[in-house]
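The values are calculated or read from the model by the stated rules, or taken from the named source; none is laboratory data. Since the model is a prediction, treat every value here as computed from it, not as a measurement. Don't worry about glycine lacking a Cβ; one is built from the backbone with ideal geometry, like all the others, and counts go over all protein chains shown. SASA here: full protein model, heavy atoms, side chains in, ligands and nucleic acids out. Shrake-Rupley method; radii C 1.70, N 1.55, O 1.52, S 1.80 Å.
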Amino acid sequence: MGNFYLAIGAALILFLPATINAQPVVVDPKLLQQLQETIQQQQEQLSKQAQQLQAQSEMLKSLQKQVDDIKQPPAPQPTVAAAAPQTAPPATITSGNDRIKLSISGQVDRAVNITNDGYSTNVYPVDNDASNSRVRLIGSAKMSDDLTLDARIEVAVAPDESSVVSQSNQAPGDFFNQRWAELSLTSGK
């Protein structure tokens, strides 16, 4: 088998020089210059990309450290027995004597409607129709040792209701509605 390879090698040596016609290579100097410039530009781009990758890698390490710091459980804090929270009674306005009391309460339920027609964005302050703003007055007057007069008045005040305001009707006006109006007398007899 070794002789076989030796014979093929000898044949190649004998016949190869006859089949190859060596010709000088002509290099265009302009083309060579362009290739060298292209290689230099690509090397500069690779260098810049390597710098950017390094900066991003450092940023990722910093972000990972921040995430790790957030994930760490907080240090145990000394526990202090807190007193039970006390709820304050509703604010009451009293007259000079304790026989007349008035309580004022209510709610403010404002909202914002935002519209965008693709060209402009408009913002409309409105009052929420689902549960509008209101004022409530609850009063009590002890007229005698036996007779007490109680009153409850509640009104809804809704400037520019949310269900009525639109791009074509931007300020429909105020809504004012009586929700409660009642008087009662209470007697022990």
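If packing is taken as the average count of other Cβ atoms within 10 Å, what order do 132-145, 99-112 fall into, highest mean first?
On the way: 132-145: 15.1, 99-112: 13.5.
Ranking the peptides 132-145, 99-112 by packing returns 132-145, 99-112.
Leaving out ligands, DNA and RNA, what percent of the accessible area of segment 100-161 is carbon and sulfur, probe 1.4 Å?
On the way: 2140 of 3640 Å².
Reported share for carbon and sulfur atoms: 59 percent.
With a 10 Å radius around each residue's Cβ, average the other Cβ atoms per peptide and rank 39-47, 123-131, 150-158, highest first.
Working: 39-47: 10.0, 123-131: 14.6, 150-158: 16.7.
Ranked by mean Cβ neighbours within 10 Å, highest first: 150-158, 123-131, 39-47.
Could you compute the net charge surrounding Asp160? Neighbours are other residues with a C-beta less than 15 Å from the C-beta of Asp160; K and R count +1, D and E count -1. Walk me through the numbers on the way to the answer.
On the way: positive: Arg110; negative: Asp109, Asp127, Asp129, Glu161, Asp174.
Spelling it out: positives minus negatives among the neighbours equals -4.
By the scheme Lys and Arg +1, Asp and Glu -1, what is the net charge of all other residues having a beta-carbon under 11 Å from that of Ser140? Can you show the working numbers first?
On the way: positive: Arg99, Lys101, Lys142, Arg152; negative: Asp98, Asp150.
Counting the neighbours of Ser140, the net charge comes to +2.
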